[in-house]
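**Student:** Before anything else, here's the structure in question.
The values are calculated or read from the model by the stated rules, or taken from the named source; none is laboratory data. As the structure is a prediction and not an experimental result, all values here were calculated from the model. So basically every Cβ, Gly included, is an ideal-geometry build from the backbone, and we count neighbours across all protein chains shown. Protein only, heavy atoms only, side chains kept; ligands, DNA and RNA dropped before computing areas. Shrake-Rupley method; radii C 1.70, N 1.55, O 1.52, S 1.80 Å.
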Amino acid sequence: MSESIYSHLTQLGGETQLPTSPDQAVLERVPNPHKGTGYTVRFVAPEFTSLCPMTGQPDFAHLVIDYVPRDWLVESKSLKLFLGSFRNHGDFHEACTVGIGKRLAETLDPEWLRIGGYWYPRGGIPIDVFFQTGPQPEGIWIPDQGVPPYRGRG
């Protein structure tokens, strides 16, 4: 990669191994090219996977991450690798969802961030977990997350 505002990125332009845990994952950020403009960025991870910390069985979720950037944007490959690092990580739904939200907020210092974790049922109970950093900013379009409540066969 040529010398530029992106030269500090370590995960683009080549093969990158999936981190073995969220703690090992490196979330990278790039300068916001529209600093001072209010807009929303959305990432959707419909096949997020982690492990139950008690049984080791896989848990699956549909994650929706919305944020209003200030100075930084998350670099998407690093986000994919970070989310993938949960594949062999054992934690409860709440710990995963809120932990992802807090890590992104710490890395990006956005004007606002929210994450919805829509977990698929295990044991007959779906669990939805929501985290946001504060009230939604006014004057910025933030669409509904668009994930319907779990209805099973009905």
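**Student:** Is there a residue being part of a strand (DSSP E or B) and more than 23 Å from residue 25 (Cα to Cα) anywhere in the stretch 127-140? Step through it out loud before you land on a result.
**Tutor:** Taking the stretch 127-140 and keeping what is part of a strand (DSSP E or B), we get 127-132.
If we keep only those that are more than 23 Å from residue 25 (Cα to Cα) as well, we get 127-128.
The answer is yes, given that some residue of the stretch 127-140 is part of a strand (DSSP E or B) and more than 23 Å from residue 25 (Cα to Cα).
**Student:** Another one. Have a look at 100, 65, 127 and point out the one that is among the β-branched types (Val, Ile, Thr) and over 21 Å from residue 18 (Cβ atoms).
**Tutor:** 127
Condition check ((1) of a type in the set (Asp, Glu); (2) in contact with a strand residue (DSSP E or B) (Cβ under 7 Å, 6 or more places away or on another chain); (3) open to solvent by less than 70 Å² (accessible area, probe 1.4 Å)) across all residues:
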{"residue": "84", "(1), (2), (3)": "no, no, yes"}
{"residue": "87", "(1), (2), (3)": "no, yes, no"}
{"residue": "102", "(1), (2), (3)": "no, no, no"}
{"residue": "111", "(1), (2), (3)": "yes, yes, no"}
{"residue": "130", "(1), (2), (3)": "no, yes, no"}
{"residue": "136", "(1), (2), (3)": "no, yes, no"}
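**Student:** Still on this structure, I have one more. Which residue out of 51, 18, 12, 27 is more than 22 Å from residue 128 (Cβ to Cβ), surrounded by 12 or more Cβ atoms within 10 Å (Cβ to Cβ) and in contact with a strand residue (DSSP E or B) (Cβ under 7 Å, 6 or more places away or on another chain)? Full working, then the answer.
**Tutor:** Numbers: 51 fails: more than 22 Å from residue 128 (Cβ to Cβ); 18 fails: in contact with a strand residue (DSSP E or B) (Cβ under 7 Å, 6 or more places away or on another chain); 12 fails: in contact with a strand residue (DSSP E or B) (Cβ under 7 Å, 6 or more places away or on another chain).
The unique qualifying residue is 27.
**Student:** Only one of (1) out of contact with any strand residue (DSSP E or B) (no Cβ under 7 Å at 6 or more places or on another chain); (2) modelled with pLDDT of 95 or more; (3) open to solvent by 30 Å² or more (accessible area, probe 1.4 Å) is not met by residue 91, so which one is it?
**Tutor:** Failing condition for residue 91: (1).
**Student:** Just the residues that are open to solvent by 30 Å² or more (accessible area, probe 1.4 Å), aromatic (Phe, Trp, Tyr) and closer than 18 Å to residue 106 by Cα, please, taken from the stretch 54-78.
**Tutor:** 72
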